[in-house]
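Each value in this text was obtained by applying a stated rule to the coordinates, not by laboratory testing. Keep in mind it's a predicted model, so treat the numbers as computed, not measured. Positions of Cβ are generated from backbone atoms using ideal geometry, with glycine treated the same way; all protein chains shown enter the neighbour counts.
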Amino acid sequence: KSHFAAISSLDSSWVHFVDVQSPLDKHEAELLDRLLRYGPRLVPDVNVNADHVAEFIVVPRPGTISPWSSKATDIAHNCGLTKIIRLERGIIYRLEGAGACDEAVVGGLLHDRMTQSVLRELAQVGMLFSNANPKAMHTVDVLGGGKKVLQAANLSMGLALAEDEI
């Protein structure tokens, strides 16, 4: 039996996130809306039971700025939208019947874990725009300590190296 037999439909759409210095006025908001109006728009099916729909929001990994973001933010600034600090884009997936599926498995298939993260709620999007101060640089004496030193650094520094990378 397929792990995903219960899924009856999948829809996706771009979703945009904006970090602003201050609220946009009506003219600025309309201009931004025109700039970001492209591709298909997700129109919720009013006949679908919300209890049977799972949403997955795929976004760039927190702490990174996507190439799309850099270019889109430049375009917004060139159009006079100077209150915008940064634009970012993600994809929202709506799966009908996914309630019975393993969410981790489904989410894993919808994104590239090297460059993206999966959020389950729009309220989590704020993490895209959080800024952390850089940590102090550390060195790891791999030549002197070998594999054990690298394994210890992997754990203590959160390097997320796979066993075959070590």
Checklist outcome for this item: Comparing 54, 152, 76 in a Gaussian network model of the chain (Cα, 10 Å), the one with the largest mean-square fluctuation is 152
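Using +1 on the beta carbon of Lys and Arg, -1 on that of Asp and Glu, and nothing else charged, what's the dipole of region 107-166 about the Cα centre, debye to 20?
160 debye
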Checklist entry - For labels at residue 64 and residue 157 in the simple 7 Å Cα→Cβ model, what's the distance in nm? => result 1.9 nm
Checklist outcome for this item: Stretched fully, the stretch from residue 120 through residue 79 gains (0.36 nm per residue minus C-alpha distance, one decimal, in nm) 11.5 nm
Checklist outcome for this item: Of the convex hull enclosing the alpha-carbon atoms of region 110-160, the direction-averaged projected area in nm² is 5.4 nm²
Checklist entry - Over the chain, what relative contact order in percent results from Cα pairs under 8 Å that are six or more residues apart? => result 31 percent
Checklist entry - What spacing in nm lies between the two simple spin-label points modelled at residue 19 and residue 142, each 7 Å away from Cα in the Cβ direction? => result 3.1 nm
Checklist entry - Excluding residue 157 itself, what net charge comes from residues whose Cβ is under 15 Å from its Cβ, given Lys and Arg +1 and Asp and Glu -1? => result 0
Checklist outcome for this item: Across 140, 59, 18, the residue with the highest GNM fluctuation in the chain (Cα network, 10 Å cutoff) is 140
Item to check | Candidates 105, 15, 149, ranked by Gaussian network fluctuation over the chain, Cα under 10 Å, top entry | outcome: 149
Checklist outcome for this item: On each of the three principal axes the extent of the alpha-carbon atoms of region 58-126, given in whole Å and largest first, is 47, 23, 16
Checklist entry - Extension gain residue 164-residue 129, at 0.36 nm per residue separation less the Cα-Cα distance, in nm? => result 9.4 nm
Checklist entry - Radius of gyration and Dmax for the chain's Cα atoms, expressed in Å? => result 20.4, 65
Item to check | Selection from 152, 10, 58, by position along the positive dipole direction of the chain (Cβ) | outcome: 152
Checklist entry - Treating the beta-carbon of each Lys and Arg as +1 and of each Asp and Glu as -1, no other charges, what is the dipole magnitude of the chain about its Cα centre, to the nearest 20 debye? => result 360 debye
